[in-house]
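K.L.:
This structure is in structure tokens; I'll ask about it shortly.
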Amino acid sequence: MKNYPNVHILDHPLIRHKLAIIRDKNTNTKQFREIIEELATLMAYESFKDVPTQEIEVETPLEKTTQTVVKENSIAIVPILRAGLGMVNGILTLFPAAKVGHIGMYRDEETLTPKEYYCKLPAGIENKVVMIVDPMLATGGSAADAITLLKKRGCKKIKLMSIIAAPQGVEKVAKEHPDVEVYVAHLDRDLNEHGYILPGLGDAGDRIFGTK
Ligand code: PRP
Ligand code: URA
């Protein structure tokens with residue numbers, strides 16, 4: 001796969017360790033859910049390096065000082081339902097004041113094209129840094145459509161965080177939305193004929209919510 005300047009692979013031994021656990025088919029729902037959340041926290045630390053900041057006055061026990069903090073009202077997290085929900089609390093751990101929007105999409109099992117069924121976004125989202133979260137970037141259809149939807153709503157600074165990506169999904173998003181920074185924990189080998197990532201981890205939504 002070609003190198004895309006807007007695609008970042010967040011490789012770290014701790015991330016690899018946690019990926020190995022969630023890929024294992026014997027990992028139970030509780031542990032799977034916990035690790036998806038932990039991975040989102042680890043990835044947020046790196047992917048929000050350029051978070052907007054502001055200067056504030058702080059009085060230490062000794063003197064007044066000017067300090068840098070995360071800018072108020074500057075971040076929105078937008079999970080793609082369902083599986084993206086599993087990543088939200090992991091990011092809120094670091095950014096407890098972030099607003100959360102929701103985009104509901106499912107893939108048609110025959111055509112693999114995404115169908116939108118729900119959308120509720122925070123007021124003023126167009127002026128925030130928007131982090132779309134979805135653990136799986138497979139064909140890239142869901143993520144690319146979610147980005148297009150947010151752009152139509154006026155969002156100018158959009159990022160995407162996915163835990164596992166297929167080359168096809170990365171290429172689609174990188175080509176269609178070169179202005180969007182994409183963060184993934186691992187780039188897997190391929191997709192199978194049903195659009196599942198190989199080696200992947202199976203159906204993320206089913207594994208997070210225990211529906212199969
Ligand atoms: C999964 C996943 C992504 C999408 C990725 O959702 O969570 O949203 O598929 O596939 P794509 O890159 O080919 O679009 P799914 O449609 O299984 O819905 P769910 O989260 O409700 O289980
Ligand atoms: N959605 C998933 O949950 N897993 C995949 O491998 C592909 C799409």
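The values are calculated or read from the model by the stated rules, or taken from the named source; none is laboratory data. Since the structure is predicted, the reported quantities are computational estimates derived from the model, not experimental observations. For neighbour counting, all protein chains shown are included, and Cβ atoms are generated from backbone atoms with ideal geometry for every residue, glycine included. All accessible areas refer to the heavy atoms of the entire protein, side chains included, with ligands and DNA or RNA removed. Shrake-Rupley method; radii C 1.70, N 1.55, O 1.52, S 1.80 Å.
K.L.:
So which residues in the stretch 1-26 are open to solvent by 50 Å² or more (accessible area, probe 1.4 Å) and among the polar types (S, T, N, Q)?
P.N.:
Hits for the stretch 1-26 are Asn3, Asn26.
K.L.:
Just give me the residues in the stretch 135-158 being more than 14 Å from ligand 2 (Cβ to nearest atom), out of contact with any Lys or Arg (no Cβ under 8 Å at 6 or more places or on another chain) and part of a loop (DSSP other than H, G, I, E, B), in sequence order.
P.N.:
Arg153, Gly154, Lys156
K.L.:
Okay, next question. Out of the stretch 182-212, which residues are of a type in the set (A, V, I, L, M, F, W, C) and near ligand 1 (Cβ under 9 Å from one of its atoms)?
P.N.:
Leu191, Ile197, Ala204, Ile208, Phe209
K.L.:
Another question, then. Let me confirm something: among Ile163, Ile197, Ile132, Ile208, which residue is more than 13 Å from ligand 2 (Cβ to nearest atom), open to solvent by less than 50 Å² (accessible area, probe 1.4 Å) and at pLDDT 95 or above?
P.N.:
Result: Ile132 is the single residue among Ile163, Ile197, Ile132, Ile208 that is more than 13 Å from ligand 2 (Cβ to nearest atom), open to solvent by less than 50 Å² (accessible area, probe 1.4 Å) and at pLDDT 95 or above.
K.L.:
Given Glu46, Glu59, which one is farther than 20 Å from Arg207 by Cα and open to solvent by 80 Å² or more (accessible area, probe 1.4 Å)?
P.N.:
Glu59
K.L.:
Working only within the stretch 87-114, note down all residues that are under 16 Å from Ala138 (Cβ atoms) and either small (Gly, Ala, Ser) or open to solvent by 80 Å² or more (accessible area, probe 1.4 Å) (or both).
P.N.:
Listed by number, the residues that qualify are Tyr106, Glu109, Glu110, Thr111.
K.L.:
Now for a different question. Would you confirm whether or not the stretch 31-43 contains a residue that is part of a loop (DSSP other than H, G, I, E, B) and without any contact (Cβ under 8 Å) to a residue 40 or more places away in the chain?
P.N.:
no
K.L.:
Looking at the stretch 80-108, which of its residues are away from ligand 2 (no atom under 16 Å from the Cβ) and within 14 Å of Ile36 (Cβ to Cβ)?
P.N.:
Val88, Asn89, Gly90, Ile91, Leu92, Thr93
K.L.:
Within the stretch 85-121, work out how many residues are over 26 Å from Val70 (Cβ atoms) and of a type in the set (A, V, I, L, M).
P.N.:
2
K.L.:
For the stretch 166-181, which positions are surrounded by 20 or more Cβ atoms within 10 Å (Cβ to Cβ) and within 12 Å of ligand 1 (Cβ to nearest atom)?
P.N.:
Ala166, Gly169, Val170, Val173
K.L.:
When you check Thr65 against the structure, is it part of a strand (DSSP E or B) and among the polar types (S, T, N, Q), yes or no?
P.N.:
yes
K.L.:
Ok, one more. State all residues of the stretch 159-199 that are assigned to a loop (DSSP other than H, G, I, E, B), over 16 Å from the mean Cα position of the chain (by Cα) and closer than 15 Å to Asp134 by Cβ; if no residue qualifies, say none.
P.N.:
Across the stretch 159-199, the qualifying residues are Asp188, Gly195, Tyr196.
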